[in-house]
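The structure appears right after this line, and notes come after that.
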Amino acid sequence: MTFLYDGIYYDVIVDKKASTKNTYIRVKDDLNIYVTTNIFTSDRYIEKLLKDNYKSICKMIDKEAIKIDNNSDFNYLGRSYKIVYGDYKNITFNDDKVYISKDFDIDKWYKKEAKKLFLEHLNYYYDRFSRNIPYPPLRIRKMTTRWGVCNTKSHVITLNLELIKRDTKYLDYVICHELSHLVVANHSKAFWSVVGENYPYYKEARRDMRLF
């Protein structure tokens, strides 16, 4: 079974299980479409389901394709660089290339850069924040499902290390988002009002980040 989108045929992998009651459609990072369903679900029903959800599946494919593109090569602050390995002592950027040694620890370098950059941006927006809030300790770590987390009890803000790969406007949005949780803990209308006071372009940032 295949799925045609934009002139490309994508494989549909069907996994039928007796324990599965509902039918789920997912697109994974291999760009195959995975359908998990009950053992009694007919192929005709699955084909109809794919047809009925055509636009949604196309969006899932686009989202995964963008993730693959964004996470290939060497990405830093919204730019992508081709990696050139050689006998280099330090990391060097030149136009669209980055020069590093084969034993260069990219994650360690990202963490070092993020620690400095994230703190600078956090301080910038904290100093200009529209509401009176406590100063939040900053933590940085890799997260798979969230760009940032705010602990409203300890006031600690945790930022996703992956933000170091994106344009800083997304870092700024996430910082303002998490700082706003120190005013309103939920995602109510009042919360988004606080976000808008401090980052007027938050809607555009949210829209773009759904594709990462």
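The values are calculated or read from the model by the stated rules, or taken from the named source; none is laboratory data. No experiment lies behind these values; they were computed from the predicted model shown. Quick reminder, even Gly has a Cβ in these numbers, built from the backbone with ideal geometry, and neighbours come from all protein chains shown. For the accessible areas, the whole protein counts, side chains as well, though only heavy atoms, and no ligand, DNA or RNA atoms are used. Shrake-Rupley method; radii C 1.70, N 1.55, O 1.52, S 1.80 Å.
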Expressed in nanometres to one decimal, the distance between label points 7 Å along Cα→Cβ at D6 and K111 is 3.6
For the pair L119 and K82, how long in nm is the line joining their label points, each one 7 Å along Cα→Cβ? 3.7
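Quick check for you: with a 1.4 Å probe and neighbouring chains kept, what is the accessible area per residue of the stretch 103-161, in Å²?
Value for the stretch 103-161: 67 Å² per residue.
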Looking at the stretch 77-122, which chymotrypsin sites (Phe, Trp or Tyr not before Pro) are in a loop (DSSP not H, G, I, E or B) and have at most 12 other Cβ atoms within 10 Å? none
Considering only protein heavy atoms and a probe of 1.4 Å, how much of the accessible area of the stretch 1-155 is carbon and sulfur, as a whole percent? 47
Of all DSSP beta bridges located in the stretch 12-85, what percent are antiparallel, nearest 5? 55
Run the helix sum for the chain: -39,500 (n - 2.57) per DSSP H stretch of 4+ residues, divided by residue count, reported at 222 nm to the nearest 500 deg cm²/dmol. -12000 deg cm²/dmol
Treating only the Cβ atoms of Lys and Arg (+1) and Asp and Glu (-1) as charged, compute the dipole magnitude of the stretch 50-151 about its Cα centre; round to the nearest 20 debye. 440
Given K111/K165; K17/K55; K28/K112; K82/K102, the pairs whose alpha carbons are separated by over 19 Å: K17/K55; K28/K112
Spatially proximal aspartates and glutamates relative to K189 (Cα-Cα < 14 Å; intrachain offsets below 8 disregarded): E197
What does the accessible area per residue of the stretch 14-78 come to in Å², with a 1.4 Å probe and no ligands, DNA or RNA counted? 66
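All other residues with a Cβ under 13 Å from the Cβ of V195 taken together, and with Lys, Arg as +1 and Asp, Glu as -1, what is their net charge?
0
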Given unit charges at Cβ for Lys, Arg (+) and Asp, Glu (-), the dipole magnitude of the chain about its Cα centre in debye, nearest 20, is 740
DSSP beta bridge pairing in the chain, given as percent antiparallel to the nearest 5: 55
Computed label-point distance, nm, for sites Y24 and V149 using a 7 Å Cα→Cβ extension: 2.1
